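The values are calculated or read from the model by the stated rules, or taken from the named source; none is laboratory data. All of these numbers come straight from a predicted model, not from anything done at the bench. Cβ sites come from the backbone with ideal geometry, for glycine too, and all protein chains shown count toward neighbours.
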Amino acid sequence: MKTKIYKRGMRKFILTALVICTFAALAMALAPHARAAQAPGFTGRWWSVDIDGSNQKLLITPAGDEYRLKLFDDGASICGLGPDGKPLYPAIGKGKGNAADNVLHAEFKLWCLTHPKTFWGTAAGDYLYDPATDTLNDQWVVWYRIVSK
């Protein structure tokens, strides 16, 4: 009789331990994704007016515990200026970033959309997220969220 009770108790113990281990493994596997999801509202589409007057768009998407960034500037000063001092060509950039609190540190590779497309170089910077205004600030301009209707 004691053997049956002991075996039943052991089975319950082993089953409980397996359930706990399964939940712990799931929590550990999802932890990097949960950290990215809990970060401030970086994810989305953003726009700004650059200091040279051109329009910029930025797409930020989560990628595990990092972010992917795509930038478009419809008139980038770095790509050349006309006789009137206005930018001649647009630029695109692709980058990745890591968030810490309300700051997203991003590193980009940039191309000028000349004919043919020309690699300009790399650039890095920080985006500070302000939850009160739902804006990003990159030390040069303020970025506003594009809200789809």
In segment 80-116, anything within 25 Å of Ile146 (Cβ to Cβ) and part of a loop (DSSP other than H, G, I, E, B) is listed as Lys86, Tyr89, Pro90, Asp101, Asn102, Leu113
When (1) under 20 Å from Ser54 (Cα atoms); (2) in contact (Cβ under 8 Å) with a residue 24 or more places away in the chain; (3) under 14 Å from the mean Cα position of the chain (by Cα) are applied to Leu110, the one that fails is (3)
Taking segment 85-129 and the residues there that are of a type in the set (D, E, K, R) and at pLDDT 95 or above, the one that is farthest from Trp143 (Cα to Cα) would be Lys117
